[in-house]
Amino acid sequence: MDTLLKENAAIIPPKHPVYLKGPRSRSYELGFALRVFGQFLRGFRMLHFVGPCITVFGSARFKEENPYYQKAIQVGKGISKLGFSVMTGGGPGIMEAANRGAFENGGMSVGCNIQLPFEQKPNRYMQRSITFEHFFVRKVLLVKYSYAFIIMPGGFGTMDEFYETLTLVQTKSISQFPIVLFGKEFYKPLMEHIEWMVRQGTVSKEDMNLVLLTDSVEEAMKHIRTYIGANYKIKPRKRLWWLFEKR
């Protein structure tokens, strides 16, 4: 299993994270832009043939005995049964569990990991994995190859990804993109706050039509299948390896 992951993993060399500390020399800024372009290019090459994905977000801190970890395994399995690849942030916790659910049930399992000050190792339940230097590159690719998001319980990173996706839906940057919030008890206060924003007029009620709050894996899969079946048609890609991508 570990050998398979190593053969299909790409690691982007670490750089000193100073790009948000104001203007630097023009040569540095050019080098930074080229490094970012390189990260995107490596991501495109690695993920081009992974198939249509559903991305699962959630906390990296949950251990195997946590009930949400066990639910995430079922979610990964359910996504595979729909015929989609499971994509996660590639780390431990919920990400590992969703990848595991796909991997152990014959599905495609993919991870987009991130370099952190505290080491986050890629989990071992993936056929393909790539590690990025910058969060913004990683988030673009997690959306680019996904047809739906499942948001399991998580922290700041999970909320960042949830709200950014809602913003993309609200601004019509993506359309007919189903989002599942999994964990009624966990997300009840969040939904109440969003409903308060609707009443204040800062959010349109229609913006939340694609969001489902549930504790049921079956209901989550039905919600995703309904929107994808009505709005997308998967067409086979031509077998062109113009950048020598691996199928």
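The values are calculated or read from the model by the stated rules, or taken from the named source; none is laboratory data. From a predicted model like this one, the values you see are computed outputs, not experimental measurements. A quick note on method: Cβ atoms are made from the backbone with ideal geometry, for glycine too, and the neighbour counts reach across all protein chains shown. When the accessible area is computed, the model is the full protein with side chains, heavy atoms only, and any ligands, DNA or RNA have been set aside. Shrake-Rupley method; radii C 1.70, N 1.55, O 1.52, S 1.80 Å.
Taking the residues in the range 65-86 that are of a type in the set (S, T, N, Q) and open to solvent by 50 Å² or more (accessible area, probe 1.4 Å) as candidates, determine which candidate is farthest from the chain's Cα centre (by Cα). Please lay out each step first, then the result.
Going residue by residue through the range 65-86, those that are of a type in the set (S, T, N, Q) are 66, 70, 74, 80, 85.
Restricting the remaining residues to those that are open to solvent by 50 Å² or more (accessible area, probe 1.4 Å) gives 70, 74.
On the way: Q70: 19, Q74: 17 Å.
Ranking the qualifying residues of the range 65-86, first place goes to Q70.
Of all residues in the range 65-96, which are of a type in the set (D, E) and in contact (Cβ under 8 Å) with a residue 12 or more places away in the chain? Lay out the reasoning, then the answer.
At the first step, the residues of the range 65-96 found to be of a type in the set (D, E) are 65, 96.
The one that is of a type in the set (D, E) and in contact (Cβ under 8 Å) with a residue 12 or more places away in the chain: E96.
So which of Y187, Y125 ends up being closer than 18 Å to S59 by Cβ, at pLDDT 95 or above and open to solvent by less than 10 Å² (accessible area, probe 1.4 Å)?
On the way: Y125 fails: open to solvent by less than 10 Å² (accessible area, probe 1.4 Å).
Residue meeting the stated conditions: Y187.
Report yes if some residue within the range 32-51 is open to solvent by less than 10 Å² (accessible area, probe 1.4 Å) and either more than 14 Å from the chain's Cα centre (by Cα) or among the aromatic types (F, W, Y) (or both); otherwise report no.
yes
Given the criterion at negative phi, exposed (fewer than 14 other Cβ atoms within 10 Å of the Cβ) and not charged (D, E, K, R), identify the matching residue among F162, F156, F182. Please lay out each step first, then the result.
Values: F162 fails: exposed (fewer than 14 other Cβ atoms within 10 Å of the Cβ); F182 fails: exposed (fewer than 14 other Cβ atoms within 10 Å of the Cβ).
Answer to the selection: F156.
Considering the range 108-120 alone, what residues qualify as being in contact with a strand residue (DSSP E or B) (Cβ under 8 Å, 6 or more places away or on another chain), open to solvent by 10 Å² or more (accessible area, probe 1.4 Å) and not hydrophobic (A, V, I, L, M, F, W, C)?
Filtering the range 108-120 for residues in contact with a strand residue (DSSP E or B) (Cβ under 8 Å, 6 or more places away or on another chain) gives 108-115, 120.
With the extra rule that they be open to solvent by 10 Å² or more (accessible area, probe 1.4 Å), the set shrinks to 108, 115, 120.
Q115, Q120 - these are the residues of the range 108-120 that are in contact with a strand residue (DSSP E or B) (Cβ under 8 Å, 6 or more places away or on another chain), open to solvent by 10 Å² or more (accessible area, probe 1.4 Å) and not hydrophobic (A, V, I, L, M, F, W, C).
I130 fails exactly one of the following numbered conditions: (1) under 23 Å from L181 (Cα atoms); (2) surrounded by 19 or more Cβ atoms within 10 Å (Cβ to Cβ); (3) among the hydrophobic types (A, V, I, L, M, F, W, C); (4) modelled with pLDDT under 95. What is the number of that condition?
Failing condition for I130: (1).
Working carefully through the options R61, R35, R100, find the one that is assigned to a loop (DSSP other than H, G, I, E, B) and touching a residue at least 24 places away in the same chain (Cβ under 8 Å). Give the steps one after another, and end with the answer.
Working: R35 fails: assigned to a loop (DSSP other than H, G, I, E, B); R100 fails: assigned to a loop (DSSP other than H, G, I, E, B).
So the residue among R61, R35, R100 that is assigned to a loop (DSSP other than H, G, I, E, B) and touching a residue at least 24 places away in the same chain (Cβ under 8 Å) is R61.
Go through (1) more than 17 Å from K77 (Cβ to Cβ); (2) modelled with pLDDT under 95 for I151 and report which single condition fails.
I151 satisfies every listed condition except (2).
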